[in-house]
Amino acid sequence: MLLHAPDLLMNLRFSASLHACFQTVVSAALLSVVLWPVAYAQPGKQITQAELQARLLEAKTNPEVEQKLYAVGRKVAAVCANCHADQNGTAILEVPYLDGQNPAYLVEQIRQFSQGLRKNTFMEGILKAMNRDEMVGMVLFYEKEKLPPRAAKDTAMLQKGRAYYERVCINCHAADGHGNEQLPRIAGQHYGYVNLTLKRYRDSSDVRANANMAFVTKGMSDQDIQAVATYLETMP
């Protein structure tokens, strides 16, 4: 069947996009093979939160263990960077930065993904192939990573976002937005991820569900959300 020029152009563009996506996935897969031993193809038993927290505590109280796990985590994070870092200066909309994230919070999210309690097919698959030390090591690595400072492009939106944060968000996320065992670090998170996540909470999306966040974001306008996202991106 012959295609008209516009249809042919569309098909070529789609093929190019698909090829680029395929190359990215293949690159990540090859990197995983290089960095991760064959043993990862046979995941062990389900890892509990208590086991992860105990290993994290051991690392925090034993410099030798921490150094060992940090080295493991650096290798694991080299694979994670395929999604969780800027790609040629552009962050992936649905993927957060992990730099500087609270370790206890991140450990719990890892456990939830690995056990299917937090839904993301790709993340579930990656984490199920990891052992306890790889998970904890990755957390230790990202805890020490620093987000680069970013200046707001829209000063008026920045001021609006700061005012909203200090009136509402500060009650749970504190003045610095650095998080704790139950709450994530949101300071420095990229605009696209915050904007999308707040809208999902507000709109009761199946992707992100949290009763408290749904209540807090219920009255937020799109502009409120954009302002908060603008402010958070600049927080150190």
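Observations on the model:
- Pick from region 186-207, criterion assigned to a loop (DSSP other than H, G, I, E, B) and open to solvent by 40 Å² or more (accessible area, probe 1.4 Å), ranking: nearest to F113 (Cα to Cα): V207
- Listing of helices (runs of 4 or more DSSP H) fully contained in region 41-156 that carry 3 or more residues being open to solvent by less than 30 Å² (accessible area, probe 1.4 Å): 49-61, 63-84, 103-114, 132-144
- Cβ-Cβ contacts under 7 Å between residues 6 or more apart (or on different chains), taken from a first residue in region 81-99 that is in contact (Cβ under 8 Å) with a residue 24 or more places away in the chain to a second residue that is charged (D, E, K, R) and not in a strand (DSSP E or B), are listed as D99/E145; D99/K146.
- Residue within region 217-234 that is surrounded by fewer than 20 Cβ atoms within 10 Å (Cβ to Cβ), under 20 Å from Q112 (Cβ atoms) and touching a residue at least 60 places away in the same chain (Cβ under 8 Å) present: no
- Y165 vs. criteria farther than 26 Å from A78 by Cβ, open to solvent by less than 40 Å² (accessible area, probe 1.4 Å) and in contact (Cβ under 8 Å) with a residue 60 or more places away in the chain: yes
The values are calculated or read from the model by the stated rules, or taken from the named source; none is laboratory data. Not measured: the values here are computed from a predicted model. Note that each Cβ is placed from the backbone with ideal geometry, even for glycine, and that neighbours are counted across all protein chains shown. Accessible surface areas use protein heavy atoms only, side chains included; no ligands, DNA or RNA. Shrake-Rupley method; radii C 1.70, N 1.55, O 1.52, S 1.80 Å.
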